[in-house]
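Below is one structure; the comments refer to it alone.
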Amino acid sequence: MARIVMKFGGTSMAGTERIRRVARIVQRQQAAGHEVAVVVSAMAGETDRLVNFCREANPAFDPAEYDVVVASGEQVTSGLLALTLQALGCKARSWLGWQLPVATSDAYARARIETIDSAALLASMAAGEIAVIPGFQGVSHEGRITTLGRGGSDTSAVAVAAAVQADRCDIYTDVDGVYTTDPRIVAKARKLARVTYEEMLELASVGAKVLQTRSVSLAMKEGVRVQVLSSFIDDDAPPADSLPGTLIVSDEEVEGSKVERQLITGIAHDKNEARIVLTRVPDKPGAVAHIFSPLAAAGINVDMIIQNVSKDRGETDVTFTVPRADLARSMALLEGQQEEIGFNRVLSDAHVAKISVVGVGMKSHAGVASTMFKALADRGINIQAISTSEIKVSVLIDEDETELAVRVLHTAYGLDAVDAAV
Ligand code: ASP
Ligand code: MG
């Protein structure tokens, strides 16, 4: 017998029929002898609809009241799932955020979970009852409803799994796992059987959005084993014991699995960045700090940075990327600081893409970056900036070459589907 937290996203909960399918998946899990708690999202599109109502009511809305409104989407689906489970003959009840409670910070609309009281949940599960918990919501120190920020129900699920010390947190979504790359770009992309927390964080933060990034960090911190899998499986499918999705686990668990490691786990692409170049910045101490301090103060996240020093002129060009959504603000800030920074011109290009190869296997292998550079060069793809971490190499290229680059790299690292297991 295992203790499993199951989480269903908005597309899985969108309407009576889909909720019935979810209820059957949950029922099957319980019938297999497991203790089950379920965390649900609002129906697809519902949170957007509620956010719009808030905007219409008051463009400068009070976040605490916004939370009262937007948390209601999950209240509805948790009650509906409990009702549907009861209709199937299961014992089930809902537990709203304030009832458990899920205690959060007072940062309305972007609250952080502090503690979850698991006593009621454990008792309910032990009594054979299915606990249904609305994701995304909690209660502040002041006793008011909070929400965790968009996509937050993944984080709720992982937090509940940590609180009840679940054997696994199964996150049911509309994709059937995490792939070596975007299957819409590479038909030969393979579903990964396992990926480490670190890899998943890198893949998510560079644009492979399956889970809210915060939920992965939390899973890593708490050691929660997470499985991503599809809720769109047919009703006669075997219980989820067979682990049909992708498991997100610790490095040690992957190491111990005896399956030979791939050097590279996946390739991500991200079109959400823009490039800025400052020309002829004085090459002296403090110059770079002058550029980045105002951006940091404005909460703008700078990612890739390169500085090309021209030895004879005592000047440098500084190239870096910022989120595309912050490009206009960044340009305005930099233009306003032209004298202080002392650059000649500021140029920008939003027509770029960041391509990243990710894999814990590269910690112990040389030559990963050079394989990447050579594969891209062979296809005439120009690299505009580079950044690396212990388990990732990223390059910035022209946006039009995104698909080509992803395909070329997928092949170069031997990731194209053959029959071998991962
Ligand atoms: N319903 C919330 C949202 O759409 C939370 C979630 O589904 O994760 O952001
Ligand atoms: Mg989601």
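The values are calculated or read from the model by the stated rules, or taken from the named source; none is laboratory data. Since we're looking at a predicted model, the values are computed, not measured. Methodologically, a virtual Cβ is constructed for each residue, glycine included, from the backbone with ideal geometry; neighbour enumeration extends over all protein chains shown. Side chains included, ligands, DNA and RNA excluded: accessible areas come from the protein's heavy atoms. Shrake-Rupley method; radii C 1.70, N 1.55, O 1.52, S 1.80 Å.
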Could you list, in sequence order, all residues of segment 310-365 that are touching a helix residue (DSSP H, G or I) at 6+ places or on another chain (Cβ under 8 Å), closer than 22 Å to Pro285 by Cβ and small (Gly, Ala, Ser)? Gly342
Complete set of residues in segment 97-119 that are open to solvent by less than 20 Å² (accessible area, probe 1.4 Å) and assigned to a loop (DSSP other than H, G, I, E, B): Gly97, Leu100, Ala111
For Lys221: the one exception among (1) touching a Gly at 6+ places or on another chain (Cβ under 6 Å); (2) within 30 Å of Pro63 (Cα to Cα); (3) of a type outside the set (A, V, I, L, M, F, W, C); (4) away from ligand 2 (no atom under 14 Å from the Cβ): (1)
For Gly342, which of the numbered conditions (1) on the phi > 0 side of the Ramachandran plot; (2) buried (at least 19 other Cβ atoms within 10 Å of the Cβ) fails to hold? (2)
Set Ile171, Ile130, Ile145: member being aliphatic (A, V, I, L, M) and open to solvent by 30 Å² or more (accessible area, probe 1.4 Å): Ile145
Could you say which residue among Phe292, Phe320 is among the aromatic types (Phe, Trp, Tyr) and over 19 Å from Ile355 (Cβ atoms)? Phe292
If I filter segment 1-17 down to residues being more than 14 Å from ligand 1 (Cβ to nearest atom) and more than 20 Å from the chain's Cα centre (by Cα), which single residue comes out as least open to solvent (accessible area, probe 1.4 Å)? Ile4
Starting from residues that are of a type in the set (Lys, Arg) and outside any helix (DSSP H, G or I), keep the ones in segment 1-27 and report whichever is farthest from Arg150 (Cα to Cα). Arg3
Please state which one of Glu390, Glu401 is surrounded by fewer than 16 Cβ atoms within 10 Å (Cβ to Cβ) and closer than 25 Å to Val302 by Cα. Glu390
Residue in segment 322-343 that is farthest from Asp270 (Cα to Cα), counting only those that are out of contact with any Ser or Thr (no Cβ under 7 Å at 6 or more places or on another chain) and not in a helix (DSSP H, G or I): Gly342
Within segment 312-331, does at least one residue satisfy the condition of being over 18 Å from His290 (Cα atoms), open to solvent by 60 Å² or more (accessible area, probe 1.4 Å), at pLDDT below 95 and not aliphatic (A, V, I, L, M)? yes
Every listed condition ((1) away from ligand 2 (no atom under 16 Å from the Cβ); (2) out of contact with any Pro (no Cβ under 8 Å at 6 or more places or on another chain)) holds for Val139 save (2)
Of all residues being polar (S, T, N, Q) and within 12 Å of ligand 2 (Cβ to nearest atom) in segment 8-45, which is farthest from Ala131 (Cα to Cα)? Just the residue, please. Thr11
Looking only at segment 316-346, which residues are hydrophobic (A, V, I, L, M, F, W, C) and under 25 Å from the mean Cα position of the chain (by Cα)? Phe320, Val322, Ala325, Leu327
Taking only segment 177-203 into account, find how many residues are within 29 Å of Leu122 (Cα to Cα) and open to solvent by 20 Å² or more (accessible area, probe 1.4 Å). 1
For segment 196-212, does any single residue satisfy the condition of being in the same structural domain as Gly97 (by TED's automatic domain parsing), under 21 Å from Gly135 (Cβ atoms), touching a helix residue (DSSP H, G or I) at 6+ places or on another chain (Cβ under 9 Å) and β-branched (Val, Ile, Thr)? yes
Among residues belonging to segment 25-59 that are more than 21 Å from Asp167 (Cα to Cα) and away from ligand 1 (no atom under 11 Å from the Cβ), point out the one that is surrounded by the most Cβ atoms within 10 Å (Cβ to Cβ). Cys54
